[in-house]
Amino acid sequence: MKLNPAMGDALRVVLVTGSTSGIGAAIARTLSREGYAVVLHSRNSAHTGRAMVAELKRASYVQADLSIEADRVRLINEAIAAWGQLDVLVNNAGISRVIPHSDLASASSTVWHELNEINVVAPFHLVTLAESALRDAARSGRPGCVVNISSHAGVRPKGASIPYAVSKAALNHMTRLLAVSLGPEIRVNAVAPGLVDTPLTAEWTEAQALWRTRAPMRRAASPDDIAKAVAMLVESDYLTGEILLMDGGLNLT
Ligand code: NAD
């Protein structure tokens with residue numbers, strides 16, 4: 001349902017991490033169209049962040065490096081300070097490393113630590129920091145909401161590398177654990193995309209061919225496909241602990 005704060009609907013505020021590019025930018029634009037005030041975030045692209053603030057109806061922007069704990073604290077504080085509330089957190093920012101699964105030696109402990117820090121520890125820490133504001137959202141009659149962007153690689157033995165797949169599997173399990181510990185005030189769900197057409201995957205010709213030939217939907221997802229699934233989860237006030245596989249049905253074949 002489209003919110004219209006100008007017509008008396010309660011304001012709803014969403015923070016989307018990593019939202020100046022790819023899937024995150026599509027989520028930010030979709031939720032903005034649905035009437036949400038959007039806190040945009042990126043590690044580097046401050047210029048794009050400010051351009052998107054000008055483009056969207058109600059938006060603010062925070063630059064923060066999620067590998068730095070103090071930046072995570074500042075991100076949540078600035079998001080809440082900008083709008084006086086935070087109702088929805090979308091943990092979209094994430095990193096990947098392409099390493100053949102048979103090349104165990106290249107999956108060094110540095111790679112494991114980097115992926116774990118951004119894909120697992122940072123989302124958990126952001127939920128911790130936002131918990132009180134997300135609980136407050138329930139006072140306006142709707143639960144607070146977290147959506148984690150994981151990956152089909154966290155569900156099936158696939159993906160860019162073993163450390164990446166394991167980090168997304170951890171994010172999926174964290175989603176279920178948090179849904180149990182934070183309900184009924186806060187719902188926690190995840191979207192697990194298969195291949196999505198973003199600049200990151202533009203050169204992944206083998207994977208693109210797989211989706212074109214084997215997936216029942218015969219194509220990779222667009223960032224908008226994923227954004228619509230996120231909007232559905234954000235709007236479904238009874239849905240919690242779900243991992244929504246968005247792979248065009250590839251897992252069925
Ligand atoms: P992307 O590279 O455009 O987006 C990743 C975002 O994370 C960027 O905005 C980047 O700035 C941010 N980020 C990375 N490290 C950060 C850090 N240290 N501090 C702050 N921000 C940081 O790629 P995308 O494809 O849009 O990916 C978005 C999410 O979707 C990721 O979690 C990714 O794992 C997941 N995903 C993508 C695909 C795909 O095919 N593209 C498939 C499955 C899952």
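Data overview
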quantity	calculated
Qualifying residue in region 189-210 (condition: within 12 Å of the ligand (Cβ to nearest atom) and in contact with an Asp or Glu (Cβ under 6 Å, 6 or more places away or on another chain))	yes
Any pair with Cβ under 8 angstrom, 6 or more apart, that starts in region 197-212 at a residue that is closer than 17 Å to residue 158 by Cβ and ends at one that is of a type in the set (Val, Ile, Thr) and not in a loop (DSSP other than H, G, I, E, B)	207/201; 208/201
Spans of helices (runs of 4 or more DSSP H) in region 134-253 with at least 1 residues at negative phi, hydroxyl-bearing (Ser, Thr, Tyr) and surrounded by fewer than 22 Cβ atoms within 10 Å (Cβ to Cβ)	162-182, 205-214
Enumeration of residues in region 238-252 that are over 17 Å from residue 149 (Cβ atoms) and of a type in the set (S, T, N, Q)	251
Filter pass, residue 87 being acidic (Asp, Glu), in contact with a helix residue (DSSP H, G or I) (Cβ under 6 Å, 6 or more places away or on another chain) and at pLDDT 95 or above	yes
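The values are calculated or read from the model by the stated rules, or taken from the named source; none is laboratory data. Bear in mind the structure is a predicted one, so any value in this text is a computation, not a measurement. All Cβ positions, glycine included, derive from the backbone under ideal geometry; neighbour counts span all protein chains shown.
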